[in-house]
């Protein structure tokens with residue numbers, strides 16, 4: 001068990017606090033916005049209740065145990081006091097990251113490991129020189145209490161022992177940490193997702209299909225095979241010569257990276273920013289976001305439990 005400090009209580013921060021608490025750690029949580037910090041408790045309780053209902057929470061765990069394991073604090077110094085691991089989960093803005101790292105340098109224990117949850121930024125240049133040996137990236141996916149993938153990567157200055165400590169901590173909590181050889185923006189999953197996103201936006205902008213039709217093609221075609229086969233194992237089953245021919249015939253030309261999408265810009269301009277606003281590419285009819293998150297989580301849990309029973313082809317390969 002370790003003392004973990006989570007900086008940032010928003011979408012990822014409160015969920016990471018829950019993950020570490022369920023993993024047996026003591027967590028202190030803070031946020032620069034008092035409203036965000038106050039809202040975090042209810043969101044954690046709701047997520048925990050969903051896990052309990054699915055039999056995915058530790059035995060005997062409930063809101064009382066959560067309140068003991070995760071405490072909320074207004075000040076940074078109080079939050080990181082005695083922390084062995086400090087998880088940075090604030091907004092994805094360079095100036096904000098740099099300011100936080102400078103503040104942490106002044107108050108955090110010298111032997112603490114700092115793990116940034118940054119999605120795309122190379123944060124290492126913003127880390128004070130004296131902290132670089134014990135700073136790394138541990139990038140999680142939302143919701144982290146359901147999605148097990150964790151991208152772990154250090155800089156050239158990061159002590160390999162710190163990388164192994166965080167990797168082992170994540171693995172002990174039942175997660176799937178991937179230690180990358182070097183930092184690349186977006187890591188693996190987000191880079192693949194971004195490539196798909198470019199094509200999706202092109203299809204929308206050119207009026208080829210609706211949002212519902214595009215998602216149907218993904219859900220009922222691509223997604224059915226991905227959990228079992230991934231991409232490269234699927235290629236093995238199709239036959240690698242087919243992949244060679246597809247590449248040689250240039251049957252696909254990736255969309256130009258334009259930096260914008262008419263469909264996306266129109267949705268945001270109209271205030272359709274997603275579930276929290278009641279609408280995005282879909283009309284969620286003003287449904288309570290917490291209820292929608294719960295519905296998503298229940299479905300993800302059912303799928304995760306089914307995949308656990310089914311297993312993957314990659315798992316078969318390891319068992320040979």
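Beyond 14 Å, how much of the Cα-Cα pair distribution for segment 77-159 remains, as a whole percent? That tail contains 61 percent of the Cα-Cα pairs. Angle of helix 13-22 to the longest C-alpha principal axis of the chain, folded into 0 to 90 degrees and rounded to 10: 70°.
Each Cα pair under 8 Å and six or more residues apart adds its sequence gap; the mean of these over the residue count of segment 3-179 is a relative contact order of 20 percent.
Between residue 237 and residue 294, the FRET efficiency from the beta-carbon distance, with R0 = 51 Å, is close to 0.90. In whole Å, how far is the Cα centre of segment 80-128 from that of segment 163-241? Their Cα centres are 28 Å away from one another. FRET efficiency for the pair residue 260 and residue 111, taken as 1/(1 + (r/R0)^6) with r the Cβ-Cβ distance and R0 = 41 Å, rounds to 0.35.
Computed extension length for residue 157-residue 217: 17.2 nm, one decimal, from 0.36 nm per residue of separation with the Cα-Cα distance subtracted.
Once the Cβ-Cβ distance of residue 281 and residue 52 is raised to the sixth power relative to R0 = 51 Å, the FRET efficiency obtained is 0.95. In nm, to one decimal, how far is the residue 310 label point from the residue 81 one, both placed 7 Å along Cα→Cβ? With each label point 7 Å from Cα toward Cβ, the separation is 5.0 nm. Relative to the longest principal axis of the Cα atoms of the chain, the long axis of helix 94-107 makes an angle of roughly 30 degrees. In the chain, the longest principal axis of the Cα atoms and the axis of helix 189-205 are about 50 degrees apart. Only Cα sites of segment 1-152 enter the Debye sum here, all with the same form factor; the resulting log10 I(q)/I(0) across q = 0.09, 0.11, 0.14 1/Å is -0.26, -0.38, -0.62, listed in q order. Among 187, 145, 252, 282, the ranking by other beta carbons within 10 Å of each residue's beta carbon, starting with the fewest, stands as 252, 282, 187, 145.
Summary of packing: across the peptides 87-95, 108-116, the per-residue average of other C-beta atoms within 10 Å ranks them, highest first, as 108-116, 87-95.
The structure shown yields Rg and Dmax of the Cα atoms in Å, and of the options (i) 25.7, 101; (ii) 18.9, 60; (iii) 21.0, 61 that calculated value carries the label (iii).
We did not get these values from a lab; they are worked out from the coordinates using the rules stated. It should be emphasised that the depicted structure is a prediction, and the values quoted were computed from it without experimental measurement. Positions of Cβ are generated from backbone atoms using ideal geometry, with glycine treated the same way; all protein chains shown enter the neighbour counts.
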